[in-house]
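Report on the structure given below.
Quick note: the coordinates plus some simple rules give every number you see, no bench work behind them. Just so you know, these numbers come straight off a predicted model, no measurement behind them. Neighbour counts run over all protein chains shown; Cβ positions are idealised from the backbone, glycine included.
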Ligand SMILES: [Zn+2]
């Protein structure tokens, strides 16, 4: 039987101290196990770094930039402590679920705690919807389309303001406060610019495969996560 911690066992002497050290800063051209970890975490977050081959090449660089953009970080392609933190690497001993945080939402008029995560343009969606959206965002990017989010999760006061504007005749149709699926974190307004645009056509062709469907006949920008 092996002793509990054999200093000659490379798996013990190499990986345990490394897991507690500050994560290495990675950039294009980096190679090795840390790059494999990076590639796996990017893929788990819905981005496309290519095969987890431990080589930080163009596809990994592009996935890192997409991820940084999605998280509101500077998209410089360098993986330092902020990017590692957003990827959910243990920082300071606290297990992270990838940056999700709990907020007060509403589902069909009933208050509910929901966990939201970031999508591009500084918005949030319920975490499962955010992972799917970020995956869709990366796929659109590789097809030459940049999806822009105009509205994602909304707080009660945000929905109240939109509803008031709608009632005043100064805003778009808005659901009664408490009853918008934006308050449940599953609705996302994408800046499609009308049904004739390449962005709309991309969404119409691909959104369903990521779980997003249109639910409001008069609002081509409004999509909901209903996988
Ligand atoms: Zn909407």
task = Using only C-alpha atoms and all pairs of different ones, pull out the Kirkwood radius for the range 101-225 in Å with one decimal.
result = 14.6
request  = Return the distance in nm (one decimal) between the two label points of a simple spin-label model at residue 115 and residue 214, each offset 7 Å from Cα along Cα→Cβ.
outcome  = 3.3
ask   = Of 101, 69, 182, 222, how do they rank once you tally other Cβ atoms within 10 Å and put the fewest first?
value = 101, 69, 222, 182
task = Kindly express, to the nearest 10 degrees and within the range 0 to 90, the angle between helix 10-20's C-alpha long axis and the longest C-alpha principal axis of the chain.
result = 40
message = Just to be sure I understand the model, the point goes 7 Å from the Cα along the line to the Cβ. What's the resulting residue 31 to residue 76 distance in nm?
response = 2.6
key: Expected 222 nm ellipticity per residue - DSSP helices of 4 or more, -39500 (n - 2.57), all of the chain, to 500   = -11000 deg cm²/dmol
note = Expected max-MSF residue from 45, 174, 139 in the GNM of the chain (alpha carbon, under 10 Å) is 174
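Note down the relative contact order for the chain as a percent, whole number, built from C-alpha pairs under 8 angstrom at least six residues apart. Don't skip to the end; give the middle numbers.
Values: 397 pairs, mean separation 30.9, N = 227.
14 percent.
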task = Provide the convex hull volume over Cα atoms per residue for the chain, in Å³.
result = 155
note = Rounded to the nearest 10 degrees, the helix 33-44 long axis (Cα) sits at an angle to the longest Cα principal axis of the chain of 20
request  = Please work out the Cα center distance from the range 197-225 to the range 165-190, rounded to the nearest Å.
outcome  = 17
note = residue 226 and residue 58 label points (each 7 Å along its Cα→Cβ direction) are spaced in nm at 4.0
